[in-house]
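Reviewing the structure listed below.
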Amino acid sequence: MNGFIHAGIAPLEGIEALNARVRYDLDCLNLPPKNWVPERTGPRGEAVQDVVIVGGGMCGLVAAFALRCGGIGNFRIFDRSPEGQEGPWMTYARMETLRSPKTLPGPAFGMGCLTFRAWYEAQFGPEEWERLDKIPRPMWMDYLRWYRGVLDLPVENGVELLRVTPEGDLLRLHLKGAEAPSVLTRRLVMATGRDGTGAPNIPRFVAPLPRQAWAHSADKIDFASLKGKRVAVIGVGASAVDNAAEALEHGAAEVRHLIRRAEMPTINKMMGIGSFGFTHGYRDLNDAWRWRFMHYSFVTQTPAPRGSTLRVSRHPNAHFHFSAAVEGARMDGDEIVISTPNGDLRTDFLILGTGFHIEPAARSELGDAAEQILLWKDVYAPPPELKHAELGNFPYLARDFAFQEREPGSAPWLSRVHCFNFGASVSMGKVSGDIPGISEGASWLASALAAAFYREDIETHWQGYLDYDIPELQGDEWRVSDWPKQKKRSAA
């Protein structure tokens with residue numbers, strides 16, 4: 001039996017066998033096909049990319065693979081992080097394991113050999129797979145590194161997008177860290193993750209505090225320096241809980257969660273409705289239904305995973321304080337004094353587990369055009385009981401993930417910038433950031449870009465249709481017959 005054939009009985013023997021299987025399966029599927037998009041050059045003879053993807057994490061990788069599978073190979077991928085540090089997994093993500101079930105195919109794009117399971121079993125065998133509960137976070141990053149390597153996806157690390165400016169029907173991307181200071185592209189895909197359409201949410205109450213007295217959960221935090229100190233954590237979502245656990249495990253004297261809610265959220269509502277129908281049907285719902293689904297998700301709040309919460313609560317010096325919304329904060333000597341409805345709390349360090357806010361206008365890469373991005377609040381007015389300021393700030397995207405302009409003619413080039421990150425959630429559903437639907441989202445994106453390129457180049461394709469003259473028949477497959485000499489049939 002070939003090493004790369006897996007019938008559910010014999011495990012793949014090592015990563016090289018799995019790599020061979022990936023190559024074999026791609027070959028069986030005739031992937032990738034040859035590029036079909038006509039080459040373009042800029043006004044000064046400069047090469048033009050069909051697509052530039054900003055972000056070399058999970059979203060950027062699967063988007064690139066989807067493009068390549070669709071015969072769109074003229075793309076580049078930029079990521080500002082060092083190789084192997086893309087995305088949150090080795091930086092500000094501090095959970096021990098992923099929340100998602102290990103069985104989800106994630107970025108595999110319909111190929112069993114590209115799943116985490118195939119990668120894991122190739123190295124540790126099916127028995128260890130059965131014993132595995134949740135995917136360890138660093139191991140998920142190892143898997144993504146393998147995914148990038150086995151598919152030969154050309155991520156250019158250490159390259160940051162500074163600014164986008166339109167040039168006719170092209171976009172010029174001004175870069176830092178690249179060989180050339182800028183590149184031209186037809187389309188830009190922003191696969192920039194959780195904060196890709198905004199920034200960390202920093203509450204106003206920290207304004208009186210010196211910067212060294214607090215950190216956001218997305219910051220690089222020196223947890224070792226918190227040994228013996230009192231720590232307050234704002235919030236009880238996944239990031240808040242994971243950071244509290246890190247502080248406790250590094251010897252914090254105490255960690256106190258200050259929680260605005262009266263009760264701990266316990267039910268992951270989105271987990272209960274996940275299905276092929278929801279994934280594929282959500283984006284075709286009317287605005288009222290899409291808003292209603294996302295509003296309910298936001299107000300009920302996704303709880304931290306059970307394992308992450310137990311990781312905190314097993315420490316006797318961990319405390320959960322409910323109905324403790326922060327009303328203000330100030331310094332008193334070296335102490336932070338936090339005001340809540342329950343009274344003041346004194347602590348030594350503050351961690352903000354307050355997530356990210358959506359603010360497309362803050363994306364400096366888009367310059368003044370960022371102010372012209374159409375938002376949900378510009379399009380839909382929910383009933384009073386469903387009002388939600390944060391939801392209203394999400395971009396109102398077209399079906400191809402593209403930004404739309406608020407005022408017609410103000411920034412038409414925004415339609416060539418595609419928001420393939422968390423900012424697409426309200427418009428498109430959970431298909432551009434979370435593991436469960438990421439392959440579907442990448443497929444939609446690649447399909448939409450292929451249709452746009454074909455439409456834009458239709459004259460070229462038509463001419464190619466007319467000019468094609470390679471015969472299938474060579475002329476030796478038949479012979480001309482003489483016309484038969486026939487007599488009239490006599491009557492019976």
Residue count, the stretch 207-237, condition free of Cβ contacts under 8 Å to residues at least 12 places away in the same chain and within 21 Å of residue 195 (Cβ to Cβ), comes to 2
Flag if residue 357 is closer than 30 Å to residue 420 by Cβ and either touching a helix residue (DSSP H, G or I) at 6+ places or on another chain (Cβ under 7 Å) or outside any loop (DSSP other than H, G, I, E, B) (or both): yes
For the stretch 102-116 the number of residues that are of a type outside the set (Val, Ile, Thr), part of a loop (DSSP other than H, G, I, E, B) and under 19 Å from residue 67 (Cα atoms) is 4
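Got a sec? Which of 398, 381, 370 is in contact with a Ser or Thr (Cβ under 9 Å, 6 or more places away or on another chain), of a type in the set (A, V, I, L, M) and without any contact (Cβ under 8 Å) to a residue 12 or more places away in the chain?
370
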What is the residue count in the stretch 302-322 for residues that are assigned to a loop (DSSP other than H, G, I, E, B), under 33 Å from the mean Cα position of the chain (by Cα) and surrounded by fewer than 17 Cβ atoms within 10 Å (Cβ to Cβ)? 3
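So that you can scan it fast, the table gives a plain yes or no per residue for (1) touching a strand residue (DSSP E or B) at 6+ places or on another chain (Cβ under 7 Å); (2) of a type outside the set (S, T, N, Q); (3) outside the structural domain of residue 223 (by TED's automatic domain parsing); (4) at pLDDT below 95:
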| residue | (1), (2), (3), (4) |
| --- | --- |
| 326 | yes, yes, no, no |
| 341 | no, yes, no, no |
| 378 | no, yes, yes, no |
| 385 | no, yes, yes, no |
| 397 | yes, yes, yes, no |
| 411 | yes, yes, yes, no |
May I ask you to list the residues in the stretch 136-165 that are closer than 28 Å to residue 451 by Cα, surrounded by 15 or more Cβ atoms within 10 Å (Cβ to Cβ) and out of contact with any Leu (no Cβ under 9 Å at 6 or more places or on another chain)? 156
For residue 267, the lone unmet condition from (1) exposed (fewer than 12 other Cβ atoms within 10 Å of the Cβ); (2) under 21 Å from the mean Cα position of the chain (by Cα) is (2)
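Each row is one residue, and each column tells you yes or no for (1) over 20 Å from residue 47 (Cβ atoms); (2) part of a helix (DSSP H, G or I).
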residue	(1), (2)
118	yes, yes
134	yes, no
156	no, no
165	no, no
173	no, no
Quick test of your reading of the structure: residue 179 fulfils all but one of (1) surrounded by fewer than 19 Cβ atoms within 10 Å (Cβ to Cβ); (2) under 14 Å from residue 76 (Cβ atoms); (3) touching a His at 6+ places or on another chain (Cβ under 9 Å); (4) among the charged types (D, E, K, R). Name the failing condition by number. (3)
Here is a check on your reading of the model: is residue 402 in contact with a helix residue (DSSP H, G or I) (Cβ under 8 Å, 6 or more places away or on another chain), small (Gly, Ala, Ser) and within 28 Å of residue 169 (Cα to Cα)? yes
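The values are calculated or read from the model by the stated rules, or taken from the named source; none is laboratory data. The shown structure was predicted, so the numbers you read here are calculated from the model rather than taken from an experiment. When we count neighbours, we look across all protein chains shown, and the Cβ atoms used for this are built from the backbone with ideal geometry, even at glycine.
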